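Chemist: One structure coming up, written as structure tokens, with questions to follow.
Values in this text are rule-based calculations from the coordinates and carry no lab data. This structure is a prediction, so every number in the text was calculated from the model and none was measured.
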Amino acid sequence: MLTERQKVILKTIVEKYIEDANPVGSKNICENIDCSSATVRNEMAFLERVGYIEKTHTSSGRIPSEVGYRYYVDNLMVAKDINGEAMLKLQTIFSNNALALNDAIKESMKIIADLTHYTSIILEEDSAKNCLKSVKFVPLTKNEAVALVITNLGHVENKKIVIPDNVSIDEVEKTIELMNELLVGTPLNQVCAKLEFDIKPIISSYVNQHQALYKAFINAFNDYKENQDVFFSGKTNLLDQPEFDDTDKMKSFIRVLDDENVKHSIEQTEDGISIKIGSENEISEDCTLITTEYELDGKKGTIAVLGPKRMEYGRVVSLLQLIKSNLGNK
């Protein structure tokens with residue numbers, strides 16, 4: 001149990017270190033609280049003994065430990081007001097009715113990456129969880145149609161199809177019928193592979209211009225192929241932080257973000273804001289990961305900010321809460 005003075009000293013150390021990445025000495029703290037430097041040194045010695053702060057090799061000052069950051073976040077952190085410029089930028093995006101909500105989320109997270117100089121992340125619902133329930137065909141013109149892709153989760157995706165001149169509507173409808181017979185239950189990110197190996201050989205027996213029609217459907221479904229459900233903004237921002245001056249740390253960090261399994265380290269499955277500091281997250285012990293879940297048109301996803309352990313916690317939490325509240329009001 002910390003005394004009020006010890007809390008003030010710890011809060012000062014954390015926030016000063018967040019501000020400039022320099023170890024904090026007793027002189028810096030005396031500028032903020034009314035007590036002698038000897039008293040501050042004694043209190044700092046206690047905070048070091050209980051593991052909330054630690055000494056660096058290159059300075060007589062102290063820096064927060066991982067335990068100290070955790071105590072700060074749980075007990076001392078205050079959400080920061082968002083300044084007018086940042087608020088205006090974000091509100092402009094969400095008030096733009098011409099912008100699809102998916103695009104609004106991406107644009108707003110780009111702004112957060114720019115404002116904080118951290119890495120912002122969007123984890124959309126994994127397309128592997130969405131399986132094909134049916135495909136419906138809606139002709140628009142002689143050469144254009146829309147395929148309505150309906151999933152087991154009730155989501156409907158519109159896929160524009162360009163119909164070659166030498167392909168009849170009857171041939172398209174026959175292909176759609178075969179797809180409904182053979183692709184139902186297939187994860188969306190596997191549709192292209194099934195079209196290639198299961199559908200293509202069969203439609204060649206029924207459709208004269210099967211190659212042209214096959215290409216039309218492959219082009220329509222190709223965006224599922226990559227299963228790109230993780231979006232980064234400011235991916236290299238953290239490399240400008242002093243924590244990543246070490247080349248090996250830099251390379252390791254980049255490898256982790258490029259790993260397709262990184263999404264399992266990001267996904268948020270609980271309510272509210274989650275803050276994982278250092279060893280609490282699976283990405284890097286030098287980083288903090290702050291995440292929150294959102295829901296959009298029945299689909300759940302995660303928005304996150306990845307920064308150094310000396311992150312501006314209160315500011316990042318406020319920014320994520322603002323985005324989440326804007327999504328809730330749409």
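Chemist: For the stretch 4-76, what relative contact order do you get, as a whole percent, if you take Cα pairs closer than 8 Å and at least 6 residues apart?
Modeler: 37 percent
Chemist: Determine the alpha carbon to alpha carbon distance for each of Lys110/Lys309; Lys7/Lys249; Lys133/Lys299; Lys106/Lys215; Lys200/Lys263; Lys106/Lys251 and list only those over 24 Å.
Modeler: Lys7/Lys249; Lys106/Lys215; Lys200/Lys263; Lys106/Lys251
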